[in-house]
Amino acid sequence: MEHELAQELNGILRGTTPEALLSAMGKRLYFPKGIIAQGAEAKQFSTLANGTLGIAVKQKMPLILSALGEQLPGMKAGEIVSYAPTAGIPGLREIWAAEIRRKNPALGNSSFSLPVVTTGLTAGVSLLADLFLDEGQTLMAADPSWDNYVLVAEARRNARFQPVTMFNEGGLDLPALEAALSAEAEKTGFVRLLLNFPHNPTGYSPTVGEARGICALIRNIAEKGAKVLVICDDAYFGLRFEEDLEPQSLFAYLAGLHENILAAKIDGSTKEDFAWGLRCGFVTFGGKNLSDAHYDALIKKTMAVIRSTISCSSTVVQNLLQKMYSSGGDTLQSEKKAYRDLIERRYKKVRALVDAKKNHPLLRPMPFNSGYFMSFRCANRNAESLRQKLLRDYGVGTIAIDERTLRVAFSGLDDECIDEVYALIYRAAEELG
């Protein structure tokens with residue numbers, strides 16, 4: 001039986017696309033009016049003393065070991081060791097919402113929720129699966145895909161992960177994508193699609209025309225009555241290396257596209273701000289005609305996932321990033337551009353190398369134009385053997401995504417070794433035959 005608070009949230013969402021898409025767990029989830037909620041209220045109104053949260057204080061300030069505090073001399077104890085709110089520090093959430101609007105002008109007047117802070121983007125994928133993916137249901141994503149999608153969908157949620165043909169030699173295979181989505185919509189009345197651009201592992205982003213094509217086919221499915229969840233994994237946002245690529249997240253176009261579409265954006269500082277190990281991501285919802293009350297209900301259910309798993313994300317990380325965004329100014333932007341330019345330079349070098357061998361009989365590059373990676377299709381379907389040979393014989397690390405796909409992260413190759421690494425990749429493939 002659903003808790004009364006879950007019933008209240010479900011009542012707010014009743015009749016909406018989010019409500020139709022919720023998993024059984026998603027329907028059960030609620031944010032309790034317990035320790036966290038009462039503690040937040042006490043923080044606001046307690047003037048004499050606050051005995052709500054499980055922290056230790058001296059003169060109302062959190063205790064902190066000097067050996068820890070000395071590592072972060074510019075921060076107060078509370079900014080380091082106190083608990084952060086479940087959904088994240090409000091100032092950081094507001095900064096990120098403003099950034100989403102700034103980077104995606106196509107949003108126009110479309111509404112979206114205040115972003116919720118997660119412990120990295122992987123946590124965002126997982127919590128969305130908890131909310132919207134049931135046992136036996138299908139999550140669709142590009143073939144090949146990042147292996148964590150399969151782990152979350154199949155091992156955690158006991159759902160079905162369906163790889164979708166999305167790439168051909170020249171770019172996106174929109175007819176194949178449309179056929180797969182239409183078949184799922186006709187079969188179940190629902191589509192749950194995960195789009196990851198720039199794509200991991202191929203390193204491909206849609207052109208402006210392809211982006212319009214994706215949105216048009218999704219809208220067409222929604223207009224026929226299917227309820228559609230589109231998760232935009234924007235981990236590598238901003239790393240575009242060709243002129244004709246769509247510069248905005250598809251979330252910008254999907255958030256207000258049709259009443260039957262719920263768009264969820266996963267993004268964060270991990271790659272955008274070269275802060276991989278800080279593990280700070282965001283989840284944001286957008287949908288046509290969704291109200292603030294609808295977004296608040298979705299946020300509370302998202303908070304319920306966070307509260308029941310990790311409780312909250314790192315306080316010190318959130319405060320560090322908030323300070324960086326607030327004070328970084330032009331220096332921050334120029335440094336980020338310099339790092340993006342460095343990766344683009346490596347991309348162009350790799351681009352020239354593989355273009356020179358585009359007709360190689362054993363290794364065919366999949367389309368790539370952005371992000372951190374490129375991938376080879378192995379003609380002999382022996383990517384793992386090639387990976388092992390490169391590692392054992394030549395000391396070169398690569399990733400075998402599946403039996404026919406070898407991923408190379410050119411972002412992690414210093415400029416001076418790129419020529420040698422790619423020469424060895426082709427040599428190893430030829431030696432294997």
- Query: Out of ASN158, ASN104, which single residue is within 28 Å of LEU193 (Cα to Cα), in the same structural domain as LEU195 (by TED's automatic domain parsing) and exposed (fewer than 13 other Cβ atoms within 10 Å of the Cβ)?
  - Reply: ASN158
- Task: Six or more apart or on different chains, Cβ under 8 Å: which pairs go from a residue in the range 166-186 that's assigned by TED's automatic domain parsing to the domain that holds VAL208 to one that's surrounded by fewer than 13 Cβ atoms within 10 Å (Cβ to Cβ)? Could you list them?
- Result: ALA185/LYS224
- Task: Among the residues of the range 83-122, count how many are under 18 Å from LYS43 (Cβ atoms) and in contact with a helix residue (DSSP H, G or I) (Cβ under 8 Å, 6 or more places away or on another chain).
- Result: 10
- Query: What about VAL191, is it surrounded by fewer than 17 Cβ atoms within 10 Å (Cβ to Cβ), without any contact (Cβ under 8 Å) to a residue 60 or more places away in the chain, closer than 24 Å to THR284 by Cα and β-branched (Val, Ile, Thr)?
  - Reply: no
- Message: For the structure I just gave you, tell me whether ALA142 is assigned by TED's automatic domain parsing to the domain that holds ALA297 and part of a helix (DSSP H, G or I).
- Response: no
- Contact list, first residue from the range 86-97 and in the same structural domain as VAL117 (by TED's automatic domain parsing) and of a type in the set (D, E, K, R), second anywhere and surrounded by fewer than 22 Cβ atoms within 10 Å (Cβ to Cβ) and assigned to a loop (DSSP other than H, G, I, E, B), beta-carbon distance below 8 Å, six or more apart or interchain, is ARG93/LEU114; GLU94/LEU114
- Requiring at least 3 residues that are closer than 27 Å to LYS348 by Cβ and under 19 Å from the mean Cα position of the chain (by Cα), the helices (runs of 4 or more DSSP H) wholly within the range 190-285 are 269-272
- Message: I want to confirm something. Restricting to the range 88-137 and keeping residues that are of a type in the set (Val, Ile, Thr) and part of a loop (DSSP other than H, G, I, E, B), which single residue is nearest to the chain's Cα centre (by Cα)?
- Response: THR119
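The values are calculated or read from the model by the stated rules, or taken from the named source; none is laboratory data. All values reported here derive from a predicted model rather than from experimental measurement. In this analysis, Cβ positions are derived from the backbone assuming ideal geometry, glycine residues included, and neighbour counts consider all displayed protein chains.
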